[in-house]
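Working notes, structure below.
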Amino acid sequence: MPLAYGFAEYGGPETQQFLDPDFPVPGPGQLLVAVHAAGVNPADWKVRAGTRKDTVPVTLPAVLGREVSGVVTAVGDRVDGFAIGDAVFGATATGFGGYAEYTLLNAHSAARKPEPVSFAAAATVPVALGTAFDIVDALAITDEDTVLVIGAGGGVGSAATQLARARGATVLGVASAGKRDLVEGNGATWIESGDDAADRVSGAAASGITAIVDLVGGATLRAFAAAAPGARIVSVADPAGAAELGGSGVERRRTTEVFAAVAALVADGTVDPHVERTFPLREAGAALAVVEGGHARGKVVITVR
Ligand SMILES: NC(=O)c1ccc[n+]([C@@H]2O[C@H](COP(=O)([O-])OP(=O)(O)OC[C@H]3O[C@@H](n4cnc5c(N)ncnc54)[C@H](OP(=O)(O)O)[C@@H]3O)[C@@H](O)[C@H]2O)c1
């Protein structure tokens, strides 16, 4: 039986355990992948906690994780463009997880891994980098924008900063002091997070903030929005809070075409996913604990092979 890590019932980290699921069999349109790396995201613990039951249906026990890279070991019927032996990455199919030796991808949510992109980096494209890509597109960021990224040192925020800079925008990145080097290395002006951060932002952006990318939500988002009247707002941490402020969440595009476009930006150096910590599958619980702590730096990835 292949090794996998998941949870047997909804709840806290104590529900997590190693599982020995049946070997996945690819159905029509699906790929069986020998996993090399799996991205670790806040969504993983939110699914385990049961707060995503409406959008992410799982059958218990369930394997954690939503995104992987690896090598195709079997191809289902009606799949074009993929063959056994291809290095790929993508979003896991409904009912299958990423913290596993083998998983299933839907071919329409998978893409070939560019040769220069590592398996660890490719595993961060479907969720964190793809979300940042969709946000920057949704906000139609241009070189005339001054963009405030709240949570600029995490997985999505770091990528959104680099993508907005690549479009020529000025970027202010809100993060704790330990992430100052990461934020500045991504080309943003660092704003230290904290109670009076919104006041300090007003002084740092002389020409005014035109767009907010929010990865934190709640009172933090409201305070920054008040300091940036008229700014376009997208929040993936708190879409409802953003809507109250005239903004929105983001519609994700989990397609081969979009994933390939994002991976090309990793390959050409436009975006570095900043994979700062890797854990073997045997330490998957420790990997998720880092992200669940809420202050991850860059990306955390589980390396399987
Ligand atoms: N809808 C979607 O498709 C989608 C996709 C991806 C993510 N998300 C959501 O987006 C959020 C961020 O995801 P992520 O992957 O980027 O998470 P992450 O990698 O864990 O990063 C979160 C970052 O927020 C920072 N932070 C926490 N509290 C803060 C505060 N009060 N002010 C400023 N920064 C603060 C943390 O660092 P420091 O505080 O130490 O600086 C950390 O770097 C999560 O809620 C996640 O569920 C949604």
For H274, the accessible surface traced by a 1.4 Å probe with all protein chains present amounts, in square angstrom to the nearest 10, to 40 Å²
Diffusion coefficient in µm²/s returned for segment 88-133 by Stokes-Einstein, Kirkwood Rh over C-alpha pairs, 37 °C and 0.692 mPa s, is 296 µm²/s
The answer for the chain, accessible area per residue at 1.4 Å probe in Å², is 41 Å²
Mean separation of Cα contacts under 8 Å (at least 6 apart) over the residue count of segment 129-244, i.e. the relative contact order in percent, is 25 percent
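Would you mind calculating the relative contact order of the chain from Cα pairs under 8 angstrom and at least 6 residues apart, reporting the percent as a whole number?
Details: 746 pairs, mean separation 58.9, N = 305.
This gives 19 percent for the chain.
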The percentage of Cα-Cα pairs in segment 24-167 separated by more than 22 Å is 43 percent
Of every hundred units of 1.4 Å-probe accessible area on the chain, the number belonging to carbon and sulfur atoms, as a percent, is 51 percent
Row for segment 229-305, column shape: gyration tensor on C-alpha, a ≥ b ≥ c, rounded if a/c < 1.5 i.e. under 1.5, prolate if a/b over b/c, else oblate; value oblate
Quick numbers on segment 129-244, Rg and Dmax over C-alpha atoms in Å, give 12.1, 33
Listed by chain and number, the aspartates and glutamates with an alpha carbon less than 16 angstrom from that of K46, same-chain partners under 8 positions apart left out, are E9, E14, D54, E67, D238, E292
Charge dipole of the chain built from unit charges on the beta carbon (Lys, Arg +1; Asp, Glu -1), centred at mean Cα; most positive-end Cα among G218, V171, F7 is F7
Rounded to the nearest 500, the 222 nm mean residue ellipticity computed for the chain from DSSP H runs (n ≥ 4, each -39500 (n - 2.57)) alone is -7500 deg cm²/dmol
Counting only DSSP beta bridges fully inside the chain, the antiparallel percentage to nearest 5 is 60 percent
Rounded to two decimals, the Debye log10 I(q)/I(0) of segment 162-305 (Cα scatterers, no solvent) at q = 0.19 Å⁻¹ is -1.38
Using alpha carbon positions and the Kirkwood radius, the Rg to Rh ratio of the chain is 0.98
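The values are calculated or read from the model by the stated rules, or taken from the named source; none is laboratory data. These numbers come from a predicted model, not from an experiment. Every residue, glycine among them, receives a Cβ derived from its backbone with ideal geometry; neighbour counts consider all protein chains shown. When the accessible area is computed, the model is the full protein with side chains, heavy atoms only, and any ligands, DNA or RNA have been set aside. Shrake-Rupley method; radii C 1.70, N 1.55, O 1.52, S 1.80 Å.
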